[in-house]
1. As an exercise, use a Förster radius of 22 Å and the Cβ-Cβ distance of residue 8 and residue 52 to find the FRET efficiency, rounded to the nearest 0.05.
2. Along the Cα-to-C-beta direction of residue 114, a point sits 7 Å from the Cα; which residues of segment 3-37 have their amide N less than 17 Å from that point?
3. Gain in length, residue 148 to residue 90, computed as 0.36 nm per residue apart minus the alpha-carbon separation, to one decimal in nm?
4. Using a 1.4 angstrom probe and counting only protein chains, how large is the accessible area of residue 125 in Å², to 10?
5. Could you tell me what percent of the accessible area of the chain is made up of carbon and sulfur, with a 1.4 Å probe and every protein chain present?
6. Calculate the spin-label point distance for residue 15 paired with residue 124, positioning each point 7 Å from the Cα along the beta-carbon direction, and give it in nanometres.
7. Using a 1.4 Å probe, what is the accessible area per residue for the chain, in Å²?
8. Pull up the cross-link candidates among the lysines for residue 148, meaning alpha carbon to alpha carbon under 26 Å and not fewer than 8 places away within one chain.
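The values are calculated or read from the model by the stated rules, or taken from the named source; none is laboratory data. All of these numbers come straight from a predicted model, not from anything done at the bench. Cβ atoms come from the backbone with ideal geometry, glycine included; neighbour counts cover every protein chain shown. The protein model used for the area step is the full one, side chains on, heavy atoms only, and it has no ligands, DNA or RNA in it. Shrake-Rupley method; radii C 1.70, N 1.55, O 1.52, S 1.80 Å.
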Amino acid sequence: MYYEKNYDKAFEYFLEAKDIREHTLPHDHPDIARSYNNLGLIQNLVYRNYFSALDYTLKAAGYPEKLDEEIRFEIYHNLARNYRNIGDFDQTLSYMENAIAAAEEAFMSKTGTDSIRFQNDWANLNGEMSTILSTELKDMERALPYAKNAYEVYSTDVKTQEDSIDLARIH
């Protein structure tokens, strides 16, 4: 339903999934955290109800010792978005740092396309952090290392794509 853009129905299903998981799984199961995160994501990105989104996503973050780096990355990134949307930049930066660290852990521990996906997520987060610091907080000095991190990954991806195109031409 979410990908079909039927957000009201998606939110209803996510709420039902959360309720089922809470009644059938141990209280600290990571799937419950994922359910709360999904609810927060819809509240934030679709309904723009940032405080409700924050409530759901903070509940999701209450399971840190049970969560792998992938879901921690998603939760921390969603919390950073929520705090950014309500104008709390101290919390935004803190959760962006946590999201960057979780994405880095994920791409170091994964292989193949999963590793590449998280490396790209890591680069995107660094770019986003650079943007927040430079445009919203006017702190160019702190923004620069994040911009460099993002650039290194992006420029490597471009070089790899160019090499792939050259190889295709040879064959």
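1. On the way: r = 14 Å, r/R0 = 0.65.
Plugging the Cβ-Cβ distance into 1/(1 + (r/R0)^6) gives 0.95.
2. 30-31
3. On the way: separation 58, 0.36 × 58 = 20.88 nm, distance 2.18 nm.
That pair, residue 148 and residue 90, stretches by 18.7 nm at full extension.
4. About 0 Å², rounded to the nearest 10.
5. Details: 5150 of 9970 Å².
It is 52 percent, rounded to a whole number.
6. 2.8
7. Values: 9970 Å² over 171 residues.
Value returned for the chain: 58 Å² of accessible area per residue.
8. Result set, ordered by chain and number: 110, 138, 159.
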